[in-house]
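Below: one structure, written as structure tokens.
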Amino acid sequence: MIAVLLVLSGMIACTAKLDVFDENNPTTESYFKTALELQNGVNAIYSSLRSAQLVGREWFFTHDMRGGECASGGSQLEAPRAELLKQPSPAPSNSVMSDVWQGSYRMINRANLVLAKAPGITDNTALRDRLVGEAKFLRAWAYFELVSQWGDVPVYTDPITSSVEFKGKSPAADIYTLIISDLTDATAKLPASYGSSDNGRATKWAAYTLLGKAQMQKGDYAAAKTALLQVYGKFSLVNFLWNFDGDIKSDGGVLITGGHEFNAESIFEIVFVDKGDNNFNWGYNGEGSTSPMSGVRNQEYGITWGNVIPSDRILNEFEAGDPRYALTIYEEGNQILTAPGAVDNIDNPSVVPLTLTPAMMNIATSTKGGVVKKRFYRKYNIYEYVRSGFHPGGVNQRLYRYADVLLMLAECEAEAGTPAQAAIYINQVRSRPGVAMSPVTLTTKNAALLAVMHERAVELCAEEVASIDILRWRKKGYYPTITADPVPGQVSLFPIPASEISTNPLVQ
């Protein structure tokens, strides 16, 4: 990990004046003198977040493969990803898990560098302070990923400058204290919104949302409720599909172009840009201002690579008549939108329906209600074409949306023994535009918890939240006292990656 964290190393110019820095190759000492340079440092943290080690690829595997909502699409699923589906736990050598570990620490080190340099910035203190808020939010995000999935991990709050600056593991309680401190400061420094040119940056509402998640995961539901109520009423629920649709959509039968990124439900999302075939940053680390900004989720969960499909468990979790099923899952016999003719002309807005047949779906079958069919996730897919080539996606990944906040508030009320209030929050989600499911009536804590578990499963499946939910509820002892464990036999926490054990003597 230390080798990964050594970033922004510079070169000193080899000239007659050896004490003069080469402006074309700045070092961490010669750079970060202005607020705009500090902003470039923050942009580098976002770049790591979007990289293939994290949200661009491997991050969603570590969550979705362990959340009881995904299954293998067939033998084409690579071994490290397939291993995440197996119980009790992946081996320390698992490369997907290791990538998320390394990517998280890369984010942390870049944030630490920004935070170390910020006090020296005086030309624009308002921008500087906002950037500190962004850096603390992003550091908290990375540490939450680590502590929630690994437990005790090393904590670094200063930038790494040497390959021997190892740290041993800190207790999870101390890591949560750091996360909560960072997010509390971020809520004070971050704005409520940005102009369109800064869409994708963290707001105070994103910080409050993550603060609520962290407090819930550590078991403080009262503090979680306090944080989440700051977000309540600041957003609204939109058409369910608008949270995941692609470049060409069908809205009530009317074909539209554009997208629904940064809609009224979105609290924080990662920006991806579709630049055509084969345009993906396989460097994995988010480096370079001109590097591709696309993701491959549409390939992994689609029908060309077909690596991941919905599990039978999640398919059967949907109630009969729930419109979210058809908005979440595609199955053979459904019609989708595709460009005419060559079917890969992304610039052609004219579309025609295409009926999905088993032959065109490179995936295994699944079973819902005793019916065996080929099915795949509709969320974050690209609808305007189906093809056998490699075309990364440009649909923004919504990390936090308002429905999640409402259901977390419902869980807080269930834990507090106020099931009727939990039902109010749940019914807001069930009555969202285009869904209109019948309301629930809840009178006991256990009934409220079961309703929360169900609603989070069908509303948020394949959105990288179920795995963390399961860890929280397993720790509370709700399996099997309330319901069966969705992933029986699973060891809750990841092992420390072998790459870390082999280089860091303090975690062995």
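The values are calculated or read from the model by the stated rules, or taken from the named source; none is laboratory data. Not measured: the values here are computed from a predicted model. Don't worry about glycine lacking a Cβ; one is built from the backbone with ideal geometry, like all the others, and counts go over all protein chains shown. Accessible surface areas use protein heavy atoms only, side chains included; no ligands, DNA or RNA. Shrake-Rupley method; radii C 1.70, N 1.55, O 1.52, S 1.80 Å.
Using just the helices of the chain, give the 222 nm mean residue ellipticity in deg cm²/dmol: DSSP H runs with n ≥ 4 each add -39,500 (n - 2.57), and the total is spread over all residues, rounded to 500. All intermediate terms of the calculation are to be shown ahead of the outcome.
Numbers: 18 runs with 200 residues, N = 508.
Helices in the chain give a 222 nm mean residue ellipticity of -12000 deg cm²/dmol.
How much length is gained if the chain between Asn334 and Phe390 is pulled fully straight, taking 0.36 nm per residue apart and subtracting their Cα-Cα distance, in nm to one decimal?
Gain on stretching Asn334 to Phe390: 17.9 nm.
Skipping prolines and chain starts, which residues have an amide H placed within reach, meaning under 5 Å, of the one on Ile329, given they are 5 or more residues away or on another chain?
The answer is Arg378.
Which order do Thr28, Thr161, Thr365 take when ranked by solvent-accessible area (1.4 Å probe, heavy atoms of all protein chains), largest first?
Thr161, Thr365, Thr28
Within the chain, which is the longest segment containing none of the GluC sites (Glu not before Pro) that sit in a DSSP loop and have at most 15 other Cβ atoms within 10 Å?
320-508
Leaving ligands, DNA and RNA out of it, work out the accessible area of Thr357 with a 1.4 Å probe and give it in Å² to the nearest 10.
Roughly 50 Å² of Thr357 is accessible to a 1.4 Å probe.
Within 10 Å of each candidate Cβ there may be at most 14 other Cβ atoms; applying that plus a DSSP loop requirement, which chymotrypsin sites (Phe, Trp or Tyr not before Pro) in region 365-473 survive?
Those satisfying the criteria are Phe390.
Relative to the present Cα-Cα distance, how much length would full extension add between Thr157 and Ala126 at 0.36 nm per residue of separation?
That works out to 8.9 nm of additional length.
For a Förster distance of 56 Å, can you work out the FRET efficiency between the beta-carbons of Lys33 and Ala79, rounded to the nearest 0.05?
Computed FRET efficiency for Lys33 and Ala79: 0.75.
Rank Lys379, Lys225, Lys275, Lys374 by accessible area, highest first, at a 1.4 Å probe radius?
Lys275, Lys225, Lys374, Lys379
For a quick check of understanding: with a 1.4 angstrom probe and all protein chains in place, what accessible area in square angstrom does Cys70 have, to the nearest ten?
10 Å²
Run through every distinct alpha carbon pair of the chain and return the Kirkwood hydrodynamic radius in angstroms, one decimal place.
About 23.7 Å for the chain.
Ala484 versus Ser438, label points 7 Å from Cα toward the beta carbon: distance in nm?
2.5 nm
Tell me, what is the 1.4 Å probe accessible area of Asp185, in Å² to the nearest 10?
Approximately 40 Å² of Asp185 is accessible to the 1.4 Å probe.
Roughly how many Å² is the accessible area per residue of region 362-508, as a whole number, for a 1.4 Å probe?
Accessible surface, normalised per residue, equals 34 Å².
For region 90-169, list log₁₀ I(q)/I(0) at each q in 0.13, 0.16 Å⁻¹, using the Debye formula over Cα point scatterers of equal strength and ignoring solvent, two decimals each.
For the requested q values the scattering log ratios are -0.47, -0.66.
Please give the contour-minus-distance gain from Glu287 to Asn446: 0.36 nm per residue of separation, less the Cα-Cα distance, rounded to one decimal in nm.
The span from Glu287 to Asn446 would gain 52.5 nm if fully extended.
Can you list the HN-Hα couplings for region 47-58, worked out from phi with the Karplus curve (6.51, -1.76, 1.60; θ = phi - 60°), rounded to whole Hz and with x for Gly and Pro?
Along region 47-58, the couplings run 4, 5, 4, 7, 5, 5, 5, 10, 5, x, 7, 5 Hz.
To test your reading of the geometry: what angle, between 0 and 90 degrees and rounded to tens, separates the Cα axis of helix 445-460 from the longest principal axis of the chain?
On a 0 to 90 degree scale, this one is about 80.
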